[in-house]
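J.: First, the structure itself, so that you have it in front of you.
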Amino acid sequence: MRIDIITVLPELLQGPFDCSIIKRARDKGLLEIEIHNLREYGLGKHRRVDDYAFGGSAGMVMMIEPIDHIISDLKKQREYDEVIYTSPDGETFNQKIANSLSLLKNIMILCGHYKGIDYRIREHLITKEISIGDYVLTGGELAAAVITDTVVRIIPGVISDEQSALSDSFQDNLLAPPVYTRPADYNGWKVPEVLLSGHERNIREWEFLQAVERTQRIRPDLLE
Ligand code: ADE
């Protein structure tokens with residue numbers, strides 16, 4: 001899979017993709033991530049990418065031209081399955097959207113900024129708008145990082161134990177059951193007996209009941 005991210009703040013995205021699981025996936029060739037600095041397509045001597053809003057409302061708006069040019073340049077190199085725009089007024093991101101994005105070959109993510117982008121870009125160039133939750137970030141970069149991270153870890157081969165991605169919270173609309181490791185007794189804080197019993201069927205049943213109980217208590221909306 002290849003993900004192209006367009007941003008005015010490339011330095012914000014340098015860290016998250018250069019360590020741990022994502023770095024390994026890139027090293028193994030399962031994934032290509034390219035960060036593009038929109039300012040390189042900015043207009044004039046000052047590489048301008050934003051301008052005042054028509055109608056006089058407060059805040060700067062990202063201009064069409066730089067964005068259209070960079071998207072056109074990328075589209076000349078390959079076909080994109082989705083051109084995503086990160087914005088608080090997009091569809092709310094969840095595991096289901098991540099699963100479907102993980103099946104695609106090439107995706108582009110345009111990080112929103114300032115007051116927004118000229119609406120014509122959203123009408124003509126963007127194929128999907130995603131919000132990562134009902135709150136407002138200073139820009140779309142962290143949203144792009146969240147989307148990329150979530151999508152990448154379910155690509156087959158990225159996580160060595162595939163089972164662990166499948167048994168995540170949300171894959172089956174249930175929160176994950178509690179997990180424990182040694183010591184079995186830490187100053188009197190004990191691991192549930194059943195997990196030490198070696199009885200496979202009882203353990204799986206206990207895990208399932210725990211998952212249902214936690215979901216009912218913390219996220220009953222998932223069971224509706
Ligand atoms: N940009 C600002 N806030 C955002 C959010 N909640 N989701 C995606 N992009 C954003």
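J.: Across the stretch 136-153, which residue is nearest to Ile5 (Cα to Cα) among those that are out of contact with any Leu (no Cβ under 8 Å at 6 or more places or on another chain) and more than 6 Å from the ligand (Cβ to nearest atom)? Don't jump to the end; show me each part of the working.
T.: Kept after step one, since they are out of contact with any Leu (no Cβ under 8 Å at 6 or more places or on another chain), are these residues of the stretch 136-153: 136-138, 146, 148-150, 153.
Applying the additional criterion that residues be more than 6 Å from the ligand (Cβ to nearest atom) yields 138, 146, 148-150, 153.
Numbers: Thr138: 17, Val146: 12, Thr148: 9, Asp149: 13, Thr150: 15, Arg153: 17 Å.
Checked the stretch 136-153; the qualifying residue nearest to Ile5 (Cα to Cα) is Thr148.
J.: Next up: Out of Ile130, Ile126, Ile203, which single residue is among the aliphatic types (A, V, I, L, M) and surrounded by fewer than 18 Cβ atoms within 10 Å (Cβ to Cβ)?
T.: Values: Ile130 fails: surrounded by fewer than 18 Cβ atoms within 10 Å (Cβ to Cβ); Ile126 fails: surrounded by fewer than 18 Cβ atoms within 10 Å (Cβ to Cβ).
Being among the aliphatic types (A, V, I, L, M) and surrounded by fewer than 18 Cβ atoms within 10 Å (Cβ to Cβ) holds for just one of Ile130, Ile126, Ile203, which is Ile203.
J.: Working carefully through the options Asn99, Asn106, find the one that is in contact with a Phe, Trp or Tyr (Cβ under 7 Å, 6 or more places away or on another chain) and among the polar types (S, T, N, Q).
T.: None of the other options fit; the residue is Asn106.
J.: OK, next. For the stretch 122-135, enumerate the residues that are within 9 Å of the ligand (Cβ to nearest atom) and either modelled with pLDDT under 95 or of a type outside the set (A, V, I, L, M, F, W, C) (or both).
T.: Residues of the stretch 122-135 that are within 9 Å of the ligand (Cβ to nearest atom), as a first pass: 129-135.
Passing the criteria: Glu129, Ser131, Gly133, Asp134, Tyr135.
J.: Tally time: how many residues in the stretch 84-106 are in a strand (DSSP E or B), within 9 Å of the ligand (Cβ to nearest atom) and under 20 Å from Arg153 (Cβ atoms)? Please lay out each step first, then the result.
T.: Residues of the stretch 84-106 in a strand (DSSP E or B): 84-92, 106.
Narrowing the set further to residues that are within 9 Å of the ligand (Cβ to nearest atom) leaves 85-90, 92.
This time we only want the ones that are under 20 Å from Arg153 (Cβ atoms), so: 86, 92.
Within the stretch 84-106, residues that are in a strand (DSSP E or B), within 9 Å of the ligand (Cβ to nearest atom) and under 20 Å from Arg153 (Cβ atoms) number 2.
J.: What tally of residues in the stretch 62-78 results from selecting those that are outside any helix (DSSP H, G or I) and over 17 Å from Asn37 (Cα atoms)?
T.: Going residue by residue through the stretch 62-78, those that are outside any helix (DSSP H, G or I) are 62-63, 78.
Filter again for over 17 Å from Asn37 (Cα atoms), leaving 78.
Here the count works out to 1.
J.: A further question on this structure: In the stretch 171-224, which residues are closer than 24 Å to Asn99 by Cα, outside any helix (DSSP H, G or I) and charged (D, E, K, R)?
T.: Correct list: Asp172, Arg219, Glu224.
The values are calculated or read from the model by the stated rules, or taken from the named source; none is laboratory data. Given the structure is predicted, the values throughout are model-derived calculations rather than measurements. Positions of Cβ are backbone-derived with ideal geometry, glycine not excepted, and every protein chain shown enters the neighbour counts.
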